[in-house]
1. Scan the stretch 265-287 for residues that are part of a helix (DSSP H, G or I) and in contact with a Phe, Trp or Tyr (Cβ under 9 Å, 6 or more places away or on another chain) and report the count.
2. Quick one: how many residues across the stretch 117-145 are on the phi > 0 side of the Ramachandran plot and more than 8 Å from the ligand (Cβ to nearest atom)?
3. Looking at the structure I just gave you, is THR217 farther than 20 Å from THR148 by Cβ, touching a strand residue (DSSP E or B) at 6+ places or on another chain (Cβ under 9 Å) and crowded, with 21+ Cβ neighbours inside 10 Å?
4. Cβ-Cβ under 7 Å, sequence separation 6+ or interchain: first residue in the stretch 6-32 and assigned to a helix (DSSP H, G or I), partner of a type in the set (Phe, Trp, Tyr) and more than 9 Å from the ligand (Cβ to nearest atom). Which pairs?
5. Where residues in the stretch 25-76 are among the β-branched types (Val, Ile, Thr) and exposed (fewer than 15 other Cβ atoms within 10 Å of the Cβ), which of them is farthest from the ligand (Cβ to nearest atom)?
6. May I ask you to list the residues in the stretch 355-395 that are outside any loop (DSSP other than H, G, I, E, B), among the small types (Gly, Ala, Ser) and loosely packed, with under 15 Cβ neighbours inside 10 Å?
7. So for the stretch 371-380 (the condition being under 24 Å from the mean Cα position of the chain (by Cα) and either at pLDDT 95 or above or not assigned by TED's automatic domain parsing to the domain that holds LEU206 (or both)), does at least one residue qualify?
8. Give just the number: which of (1) part of a helix (DSSP H, G or I); (2) at pLDDT below 95 does ILE101 not satisfy?
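The values are calculated or read from the model by the stated rules, or taken from the named source; none is laboratory data. What you see is a predicted model, and the numbers here were worked out from it, not measured in a lab. A quick note on method: Cβ atoms are made from the backbone with ideal geometry, for glycine too, and the neighbour counts reach across all protein chains shown.
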Amino acid sequence: MSEQYDYDLIVIGAGSGGVRLARMSAQRGARVAVVESRYLGGTCVNVGCVPKKLFVYGSHMGEDFQDARGYGWTVPEDQLRFDWPTLVANKNTEIERLNGIYQRLLENAGVTIINGTAHIADEHRVMVGEQGYTAKHITVATGSWPVTPDVPGKECILSSNEMFYLPQLPRQAVVWGGGYIAVEFAGILAGLGVDTTLLYRGDLFLRGFDEDIRRFTASELPKKGVKLRFGVTIESVTETNGHYSVALSDGTTLDTGLVMAATGRRALVDGLGLEQLGVQLNPAGHVVVDQHFQTAVPSIFALGDVIGTPQLTPVALAQAMVLSRRLFGDGEGEMDYTCIPTAVFCQPNIGTVGLTEAEARESHGKLRIYRSEFKPMKHTMSGRDERSMMKLIVEDSTDRVLGAHMVGPDAGEIVQGLAVAMKCGATKAQFDSTLGIHPTSAEEFVTMREPVAP
Ligand code: FAD
């Protein structure tokens, strides 16, 4: 390790990727500092995965009370109350607990935490305010930030960041966007009783997911009260006394109590001084790195959302482990982007791993498609009109399972296990020879016998 610098590594950003990189590297004996301007744990812990999932749990409970009636419970409608400030306060307490855990994880590993906004002054020097710190290696792990399109009234439109701290719930809400964050927030709001409309400019939301999954989800969400309007976008928003009039591209107007946009995220590189140093940004604004996370400046690395790879916490964590090993371990290891499982916590959930049918047709030729659609057992007695869907995409010549997709309760939990099997190269015959766990929805993945399409 190099004594000519204050540190062996300075990490900018204590989010998912930054904390993991700092901790793993310190545990390998490196002298590490991490600079954080806002909150320990980054987006995921503070305004992303964690609070979002807590809100999803909260919003689903109203439905659970209703479903309980079919099972003999008396749930008096007039005694059911939901208090939004309680949910937000309890969520905040949990997030503060996690912030503390992150701090202790770093401190116990011997990482120096520097609070403030970092600027890279030269290839080995990071400035935080007036104070300069030198390091052999610098890693940019500054994440991403929501982008709202430039429409008149943009200042009235909230992003996911503010949604986590809303002082009160509106009666009506408009959610603008077709990605997973928009879909999840629409589900949260509708589940909490807000009259919610989701607007998306394309003809079907959740671009990049399997077509069947997209269509099936579009048929399920309205049953939960989410009004879907595709092929339409916001032209302007006008506020009057806390109410909003939203003018749409089809000439209609929506009156609402809240407008949220989840219309994309950009790399957060503001003020870092990257381009002056020769670090390249691609046309989308992401930091350009090679397969070892090295930028055009050899001492500067970048990982996580800021480099434009799939914007998911486990991706940032895995990248951090690869980079730490390369810098302070045996120098080996590469990131493997195949078979990244992911979930959308809409209601019902989506879980997915591997190729979509369209991707598989393009890259693998002849396929066998297995699909099953059914009413989950729970709803045979709850009376709820909710259905689940599962789909397997199999390469005909090798029998390998290329994609597994599901819409239904706990889809994320179910698909995680399938991802392990697929990572091991599991074939359809191996799925078929696996015994089911009865009675579950998950067993359907090992009992789909007849292909629905070649
Ligand atoms: P971040 O976690 O964003 O961390 C970057 C850190 O850098 C921040 O703490 C920031 O304050 C700090 N920083 C920025 N600039 C500077 C500077 N100049 N100086 C000092 N510090 C700086 N992913 C999932 O896998 N599952 C999910 O369910 C999921 N849900 C999500 C829901 C929402 C609403 C959002 C917005 C994201 C969600 N994500 C989810 C994505 C996930 O949160 C990100 O992919 C992940 O946090 C990226 O980690 P990162 O380390 O790249 O950046």
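1. 0
2. Count: 1.
3. Considered against the rule, which asks whether it is farther than 20 Å from THR148 by Cβ, touching a strand residue (DSSP E or B) at 6+ places or on another chain (Cβ under 9 Å) and crowded, with 21+ Cβ neighbours inside 10 Å, THR217 comes out as yes.
4. That search, which allows pairs on different chains as well, returns VAL19/TYR102; SER25/PHE328.
5. Per the stated criteria, the residue is THR74.
6. ALA358, SER363
7. No: zero hits.
8. (2)
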